[in-house]
Amino acid sequence: MYVLGIESSCDETGVALVHSARGLLAHALHSQVDMHAAYGGVVPELASRDHIRRLLPLTRQVLGEAGIAVDRVDAVAYTEGPGLAGALLVGAGAAHGLAYALGVPVVGVHHLEGHLLSPLLADPAPAFPFVALLVSGGHTQLMRVGGVGDYELLGETVDDAAGEAFDKTAKLLGLGYPGGPALARLADSGTTGRFKLPRPMIASDDLDFSFSGLKTAVATVARARTLEESDRADLAAEFQAAVVDVLVAKALGAVDRAGVPRLVVAGGVGANRNLRARLSAAASARGIEVFYPPLEFCTDNGAMIAFAGAMRVAALGPAGAFSVKPRWELASLEMP
Ligand code: KG4
Ligand code: ZN
């Protein structure tokens, strides 16, 4: 079965084609980063308009690269939410229009389920059950994943998401948008320990996170002195170390709590090399296996939506309703 996947929840237009037995056949991505950079962040209306421009050319490109004619597509999956309402509507409209024209089912996919299942695109893929650390621009969650559609929330951020903290701190340090990767690059040239930053909630009994105080602590340092280039690098390194310390501690705590020795890392912050190195080292010392999606599938992409859609579509039957859900709890998902 050929499943076309469409991602348009934020500032990336992603399209991919998967085959239920053969896996990922082709994928294409257009990032709007350059367009939004001038404004220092995502402008929702510009995002929606750009998705409209990109979606069909990317779809043609993906089908062309896979060598599959459009009328061989058996189902169309799209990101139903959470995300920017206007941006989601573009993907929903294209997916429903295409599915209706082809007379095939359409399936709305939860964006975070896409991220969560993206490590299954890697080889080797993790077996169920596993613990997932979901670290994106909008979410920081620990989940116990029993199978597709079986997600139990173990803990989450009480304020900013990890990616959001990276982005806001990058802005404070005068780095452009998107800040996460830029801050990580700056941190590579800095030294930890010269500035002291807190590790919020690291010793709390629960599996929740808090990152907004960390950003405030960086702002306090930045206000108290004129930052030289080496200060900015050291501050970035300490900030990254603080976030990584907390993520590693809580992820290992979640593995203990869930009693499953497998950990999956998903979402844009999962691309952070320092996080990967520290987590892998800490986990292997405890006999825990860690799985990461391929780097290109850490941040938003169509492959994860096509893939999650393919896993759901067989069970779904007739076409789903036309809808988008800008706010949507992942733990509320079930397999139909
Ligand atoms: O999953 P994603 O592409 O989009 C959302 O669903 O939010 O995640 C984007 C987030 C942004 O906050 C970005 O700054 C962060 O992931 N990010 C990183 C890195 N690459 C992307 N944060 C830290 N280090 C990175 N290398
Ligand atoms: Zn995402």
Is it the case, given these coordinates, that Val218 is closer than 15 Å to Ala184 by Cβ, within 16 Å of ligand 1 (Cβ to nearest atom) and open to solvent by less than 40 Å² (accessible area, probe 1.4 Å)?
yes
Within segment 266-281, restricting attention to residues that are part of a helix (DSSP H, G or I) and under 18 Å from Leu121 (Cα atoms), which residue is least open to solvent (accessible area, probe 1.4 Å)?
Gly270
If a residue has to be away from ligand 1 (no atom under 13 Å from the Cβ) and open to solvent by less than 40 Å² (accessible area, probe 1.4 Å) to count, how many in segment 174-187 make the cut?
0
Is one or more of the residues making up segment 188-210 modelled with pLDDT of 95 or more and near ligand 1 (Cβ under 9 Å from one of its atoms)?
no
Against the conditions (1) within 16 Å of Ala306 (Cβ to Cβ); (2) in a helix (DSSP H, G or I); (3) of a type in the set (Asp, Glu), where does Asp50 fall short? Just the number, please.
(1)
Determine if segment 162-171 includes at least one residue that is out of contact with any His (no Cβ under 8 Å at 6 or more places or on another chain), open to solvent by 40 Å² or more (accessible area, probe 1.4 Å) and not in a helix (DSSP H, G or I).
no
Can you name every residue in segment 257-289 that is within 9 Å of ligand 1 (Cβ to nearest atom) and charged (D, E, K, R)?
Arg273
Subset of segment 3-29 [away from ligand 2 (no atom under 16 Å from the Cβ), in a strand (DSSP E or B) and surrounded by fewer than 21 Cβ atoms within 10 Å (Cβ to Cβ)]
His19, Gly23, Leu24, Leu25, Ala26
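Table: residues versus (1) within 16 Å of ligand 2 (Cβ to nearest atom); (2) open to solvent by less than 20 Å² (accessible area, probe 1.4 Å); (3) assigned by TED's automatic domain parsing to the domain that holds Val107.
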{"position": "Gln240", "(1), (2), (3)": "no, yes, no"}
{"position": "Pro261", "(1), (2), (3)": "no, no, no"}
{"position": "Val264", "(1), (2), (3)": "yes, yes, no"}
{"position": "Ala283", "(1), (2), (3)": "no, yes, no"}
{"position": "Ile305", "(1), (2), (3)": "yes, yes, yes"}
Criterion violated by Gly287 - all others in (1) at positive phi; (2) within 11 Å of ligand 2 (Cβ to nearest atom) satisfied:
(2)
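The values are calculated or read from the model by the stated rules, or taken from the named source; none is laboratory data. From a predicted model like this one, the values you see are computed outputs, not experimental measurements. Note that each Cβ is placed from the backbone with ideal geometry, even for glycine, and that neighbours are counted across all protein chains shown. Remember, those area values only see protein heavy atoms, side chains included, never the ligands or the DNA or RNA. Shrake-Rupley method; radii C 1.70, N 1.55, O 1.52, S 1.80 Å.
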